[in-house]
Amino acid sequence: MATNTVNDKSKQISIRIPHDVMDGMEVAKMAGESNAGFIVTAMQGEIARRQLDGSPESHLLSARDALARVEEIGTKAGEEIRQLVDVARSELQRRKTEE
């Protein structure tokens, strides 16, 4: 029987994967992506999905956090646009007085 190996950063396991799943992975992988990289990314995504699916509260918190972030970004963008308009207005005034 194969033994599993553990070090400080990872754990090596031995598993059997159906042929059709392996074939699908080969088709879906990005150029240069390793099997391990694909599998780790897929596992991380599945873990996150299951954590969200398990709790209705987490959906609400996630949505609330997203809305708060949109508000924050929108406020900052609005301030930056106002600054750009002020600079443009000042520059127009300066050019008009030079004429």
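Distance between the modelled labels on Ser90 and Lys29, one decimal in nanometres: 5.6 nm (7 Å Cα→Cβ projection). If the elastic network links every pair of Cα atoms under 10 Å, which of Arg16, Arg50, Arg69 fluctuates the most in the Gaussian network model of the chain? It is Arg16.
Within the same chain, aspartates and glutamates fewer than 8 places from Lys29 are excluded, and of the rest, those with a Cα less than 19 Å from its Cα are Asp20, Glu46. Against the chain, whose longest principal axis comes from its Cα atoms, helix 35-53 is set at around 70 degrees.
Using helices alone, I'd like the mean residue ellipticity at 222 nm for the chain: each DSSP H run of four-plus residues gives -39500 (n - 2.57), total over residue count, nearest 500. Present the calculation step by step, with values, prior to reporting the outcome.
Details: 3 runs with 72 residues, N = 99.
That calculation yields -25500 deg cm²/dmol at 222 nm.
What Kirkwood hydrodynamic radius, in Å, does the chain give when the mean of 1/r is taken over all pairs of distinct Cα atoms and then inverted? After inverting the pairwise mean of 1/r, the radius is 19.6 Å. Once the Cα atoms are used to define both axes, helix 19-28 deviates from the longest principal axis of the chain by about 20 degrees. Each of Glu33, Glu99 has some number of other Cβ atoms within 10 Å of its Cβ, and from fewest to most they run Glu99, Glu33.
Only the coordinates and a few stated rules stand behind these numbers; no lab work does. Note that the structure is predicted; figures quoted are calculated from it, not measured. Ideal geometry is used to build each Cβ from the backbone, glycine not excepted, and the neighbour counts take in all protein chains shown.
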